[in-house]
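The values are calculated or read from the model by the stated rules, or taken from the named source; none is laboratory data. Because the structure is a prediction, the values reported are computed rather than measured. Here the Cβ positions follow ideal geometry from the backbone for every residue, glycine too, while neighbour counts run over all protein chains shown. Surface areas here come from the heavy atoms of the whole protein model, side chains and all, with no ligands, DNA or RNA. Shrake-Rupley method; radii C 1.70, N 1.55, O 1.52, S 1.80 Å.
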Amino acid sequence: MSDTVMDKGFFAPKGGSKIMEWLFTTDHKRIGMLYLWAILIFFSVGVCLGLALRLELFAPGPTIMTQQAFNAIFTLHGVVMIFLVVIPSIPAAFGNIFLPLQLGAEDVAFPRLNMFSFWLYIVGGGIALTSLFTAGGAPDTGWTFYVPFSSISTTNVSVAVLGVFVLGFSSILTGLNFIVTIHRMRAEGMTWLRMPLFPWALYATAWIQVLATPILSITVLLIAIERLLGMGIFDPARGGDPLLYQHLFWIYSHPAVYIMILPAMGVISDIIPVFCRKPIFGYKTIIGSSLAIAFAGSLVWAHHMFVSGMSDTAVMVFSFLTFIVAVPSAVKVFNWLSTMYKGSIRPEPPLIFALGFIFLFAMGGITGLVLGSAGTDMHVHDTYFVVGHFHFVIFGGTGMGLFASMHYWFPKIYGRMYNKRIATWSAIIIIAGINGLYFPMYLLGLAGMPRRYYDYLPQYTDLHQLSTYGSWITAMGLVLMFWNLWHGRKHGRVVGKNPWGAATLEWTLPSPPPTHNFDEDPIVTHGPYHYDGLIPEEDAVNESEGDK
Amino acid sequence: MYPQIFSAAKDVDRAFLIILGFSVFILVVVTIAMLWFLWRYNVKRSPVAADIRGNFWAEVIWTVLPTIIVLGLFWTGWSSFKAMRTIPDGAMEVLVEGRMWSWKFTYANGKTSQELYAPVDTPLRLKLSSRDVIHSFYVPAMRVKWDLVPGMDTEVWIQSDTVGEYDIFCAEYCGLKHADMITLLKVLPAEDFQAWLDGSAETEGDEILRGLALMEEYGCFDCHTMDGTDDVAPPLNGIAGKERLIILPDGAKRTIKADSHYIKTSIMDPGAELVDGWDDEMPPYEGDLSDEDANVIVNYLLGKDESGKPFKALEHPGLHFAKVEGCLKCHTTDGTTTGRAPSFKGLYGSTITVRKDNKEKMLTADEEYIRQSIKHSTKWVAEGYVDSMPPYDDLNEETIEGLISFIKSLGGKD
């Protein structure tokens, strides 16, 4: 461990109030760091809520909380995790920090708009949390806010949906900013086909954010109008249609799943070649599949509604499209595996997290086929099977993608390295824990256990207990991982510019990168996975440690 | 897998096996390949990476092949769905109503129940409707699930090939007691089902009502209670078959079982077999009460009808309606409150504060108030509660009368 005085890069104080210079910064790296910290804080809140739910479900009947509390907590867990953690996670935090760096730009296209997006995020999150403590109490509708229940619930639904409305604008503006940045700010020689896959994934994501999020905003606005002005848009008693709400909600919320997963896929596509010392297999196919997912993913929303009472023809069409969207995801997995084939693999922690992503995402993805198939969905829809499915995809997928990003870019951000052995162990514990936590849910769902149940029949007890044990293992893995990173920030071994030997532009900068990014505008002459002449600095470290 | 009793769901289970089998196969192949590459191409064994940027044909194969496979899987799933959705002609119709947080099943002859009774091997067309929010009718053993959407008519069909009892769940989150919205599907042999369907709860209810009315008429409840508490006389609920230590007029003590003879004697000539510990205060009803009426009371207390067949439950017939209509999910009968609605106990005749058009008003909970509250729940909301009860303006007169009489039987701060 070295205490050499390091160049603090963009962390260096500018003089003046430290709080003010961070809160009102327009530096994309600082904004990204603000997002990252905020997201991690909300993430720990969401994790604690999830653990409380699992504890309540440890035994049938009341265990640690009342029925109303349970309903409010699963609603809150969903709202916090989806709107405050997963949707912004990788794009807002790592996208902000590394998109301009990977493109060779000095910042995003609209730095002040970027800061405004962050503030909308904080204000929106604040409003959503305010709904807990003000009139009526915490919303108990589930994060889906299905009408007519959300119209008649006496809890504070209006305030919560206002929070979601504001958060939506944060997402739209960030997407807009990224699209313009990618179109206009690429360095000389950075052609579209020399762009790393992470910006490509952000590009596909940004289009969904810009096109789909307004529909969410309109929908929550309609809920507010229905609740506050008493207009019957969705309420059948006043001539409205509850299914209209479900369509509008899922037209956003299904593409939102791809907002969540595409950036993680981008990160994984960037990480795997680096640690295999081999160009990505099928670069153009991966780009194509990202765009195909973004496009086809916008046409499958009603697969959440197979048993809602919509027409059987609609069920057939949406089931068909759902199966089609499975193909590009599968293609990506095959390309990642082929990248490993005949590589020279360094099993560093970011790669372990990335492979964890592939395994857990596959665990979740394949059960998507069961849910997308109309006949089988009729049985497992709205059961624990679905809960297991989306937690594997979102926590196992996006979550692991986020952790992989944190371990991959950590040395770039802090100029130090965490303890790699502990990092690898934490990855393995988390992967094991996630399986223990969510695999029993598949079995519960197949046995007919409905979701959002405070209480359950005795035949489901064993599997619920297994799942709760799994939640404890997962929590231990998370604590270990975060502690290791926290410790590494200040006390880790100092590393150079390019510890992993990566070929994208951010690794040509000092760590941490300076405020103005590049001293000279970079000129790009080759693709992002061109490793000739780049030897990972970590190789020497690993070798000397191996000698010990 | 979980037991399965629905012939049309055989295809669904087959689709499960095919899709899950294929999925697990892919998962295993991907995982093994990943771990094998991780070991085989570790930097120790593979110091230099090969320069492979792609392979056109490999990519064509793993795009086209999965496409064909998933289309096959789609078709498997869709055709199994189709079978579940094609309702056979002539299926027996049952109306299924969901509301927070209970079920009501209405059969062709107008009989209602809280549990779904079905004859074995007979297709049932379930016509689904909801009174308040969206619910979902789910029978895991049938692989059947369909939403009940307010303002929309949906339907689904079931048919069981096995006699037995199976869980019915609500699968669409519907508020506070969503998890309590569960009931049973009772599949009976055809003749048992018919007997159940024909066995009219009304005649049974009539006898109970008559017994109750007679006891009220003759003032039995002035001294006896029916809830186990002592008044000036011993409580009468659950008396059938109880051992009693009685004192004969000569002072001798004897233990006997409370049978019809004993109960009748106690009514007609209470002093003849006095329960130990109580004073001989009750007047003899001999001559006052006809023999026939006495028998009705005895039968009521013993929980049997005239032919000696036991009642299904010794309860007020209105309680049946209260259960079937789901009243007891929010209203209690013991004076406690769920926080969502006032208790029925002590409601009748009490003075309560209600809000009407945002104006507070005091009134006495009389028959008319109870009737209006059932039919137009939003009109008179009791102070301290929110307007969350759906209006029940479609109940027939008999049900409403039954409910009112039931609430009256629990009421009366007089």
Among the residues that make up the range A:35-52, is at least one of them under 27 Å from the mean Cα position of the chain (by Cα), closer than 24 Å to A:Thr205 by Cβ and buried (at least 24 other Cβ atoms within 10 Å of the Cβ)? yes
Considering the range B:224-236, residues that are closer than 21 Å to B:His261 by Cα and touching a residue at least 40 places away in the same chain (Cβ under 8 Å), and then whichever is surrounded by the most Cβ atoms within 10 Å (Cβ to Cβ), we arrive at B:Leu236
Among the residues of the range A:267-278, are any aromatic (Phe, Trp, Tyr) and either free of Cβ contacts under 8 Å to residues at least 24 places away in the same chain or closer than 24 Å to A:Phe295 by Cβ (or both)? no
Name the pairs: first residue in the range B:59-82 and at positive phi, second residue surrounded by 15 or more Cβ atoms within 10 Å (Cβ to Cβ) and charged (D, E, K, R), Cβ to Cβ under 7 Å, at least 6 apart or on different chains? none
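Of the residues A:Glu520, A:Glu506, only one is at pLDDT below 90 and outside any strand (DSSP E or B); which?
Going through A:Glu520, A:Glu506 in turn, the sole match is A:Glu520.
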So is B:Ser388 of a type outside the set (A, V, I, L, M), at pLDDT 80 or above, within 19 Å of B:Met100 (Cβ to Cβ) and not in a helix (DSSP H, G or I) or not? no
Might you check whether a residue that is closer than 17 Å to A:Pro350 by Cβ and either in contact with a His (Cβ under 8 Å, 6 or more places away or on another chain) or open to solvent by less than 50 Å² (accessible area, probe 1.4 Å) (or both) occurs anywhere in the range A:466-476? no
Pairs returned, first residue in the range A:523-543 that is within 12 Å of chain B (Cβ to nearest Cβ) and among the small types (Gly, Ala, Ser), second residue that is surrounded by 15 or more Cβ atoms within 10 Å (Cβ to Cβ) and in a helix (DSSP H, G or I), beta-carbon separation under 9 angstrom, 6 or more apart or interchain, are A:Gly527/A:Arg194; A:Gly527/A:Tyr283
Do you know which residues across the range A:339-383 are among the small types (Gly, Ala, Ser), open to solvent by 10 Å² or more (accessible area, probe 1.4 Å) and more than 7 Å from every other protein chain (Cβ to nearest Cβ)? A:Gly365, A:Gly368
Scanning the range A:285-328 residue by residue, the ones that are more than 8 Å from every other protein chain (Cβ to nearest Cβ) and over 21 Å from A:Thr376 (Cα atoms) total 13
What is the residue count in the range B:50-64 for residues that are assigned to a helix (DSSP H, G or I) and not aromatic (Phe, Trp, Tyr)? 6
Taking the range B:120-160 and keeping residues β-branched (Val, Ile, Thr) and facing chain A (nearest Cβ under 9 Å) leaves B:Val133, B:Ile134, B:Val139, B:Val144, B:Val149, B:Thr154, B:Val156
Failed item in (1) within 20 Å of A:Val267 (Cβ to Cβ); (2) open to solvent by 20 Å² or more (accessible area, probe 1.4 Å), with A:Leu103 passing the rest: (2)
Residue among B:Thr67, B:Thr122 that is more than 21 Å from A:Leu355 (Cβ to Cβ), polar (S, T, N, Q) and in a loop (DSSP other than H, G, I, E, B): B:Thr122
For the list (1) modelled with pLDDT of 90 or more; (2) buried (at least 21 other Cβ atoms within 10 Å of the Cβ); (3) more than 14 Å from chain A (Cβ to nearest Cβ), I need the number of the one condition that B:Val163 fails. (2)
Please verify whether A:Arg489 is over 30 Å from B:Asp51 (Cβ atoms), in contact with a strand residue (DSSP E or B) (Cβ under 9 Å, 6 or more places away or on another chain) and surrounded by 15 or more Cβ atoms within 10 Å (Cβ to Cβ), treating the condition exactly as stated. no
Can you find even one residue in the range B:111-118 that is more than 15 Å from the chain's Cα centre (by Cα) and either at the interface with chain A (Cβ under 10 Å from one of its Cβ atoms) or at pLDDT below 90 (or both)? no
Does the range A:507-514 contain at least one residue that is crowded, with 21+ Cβ neighbours inside 10 Å and of a type in the set (A, V, I, L, M, F, W, C)? yes
Which of the numbered conditions does A:Gly136 fail, given that it passes all the others? Conditions: (1) modelled with pLDDT under 85; (2) open to solvent by less than 40 Å² (accessible area, probe 1.4 Å). (2)
Residue check: is A:Gly501 open to solvent by less than 30 Å² (accessible area, probe 1.4 Å), at pLDDT 90 or above, more than 25 Å from A:Trp37 (Cβ to Cβ) and not in a loop (DSSP other than H, G, I, E, B)? no
Which listed residue is out of contact with any helix residue (DSSP H, G or I) (no Cβ under 8 Å at 6 or more places or on another chain) and either more than 7 Å from chain A (Cβ to nearest Cβ) or not β-branched (Val, Ile, Thr) (or both), from B:Ala50, B:Ala33: B:Ala50
Of the conditions (1) hydrophobic (A, V, I, L, M, F, W, C); (2) at the interface with another protein chain (Cβ under 7 Å from one of its Cβ atoms); (3) crowded, with 23+ Cβ neighbours inside 10 Å, B:Trp78 fails just one. Which one is it? (3)
Please go through (1) at pLDDT 95 or above; (2) open to solvent by less than 20 Å² (accessible area, probe 1.4 Å) for A:Asp27 and return the number of the only condition it doesn't satisfy. (1)
All but one of (1) modelled with pLDDT under 95; (2) within 14 Å of chain A (Cβ to nearest Cβ) hold for B:Glu97; state the number of the condition that does not hold. (2)
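Does B:Ile26 fit the bill of being within 7 Å of another protein chain (Cβ to nearest Cβ), of a type in the set (A, V, I, L, M), part of a helix (DSSP H, G or I) and in contact with a Ser or Thr (Cβ under 7 Å, 6 or more places away or on another chain)?
no
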Any idea which residue in the range A:434-445 is farthest from the other protein chains (Cβ to nearest Cβ), counting only those that are crowded, with 21+ Cβ neighbours inside 10 Å and among the hydrophobic types (A, V, I, L, M, F, W, C)? A:Leu437
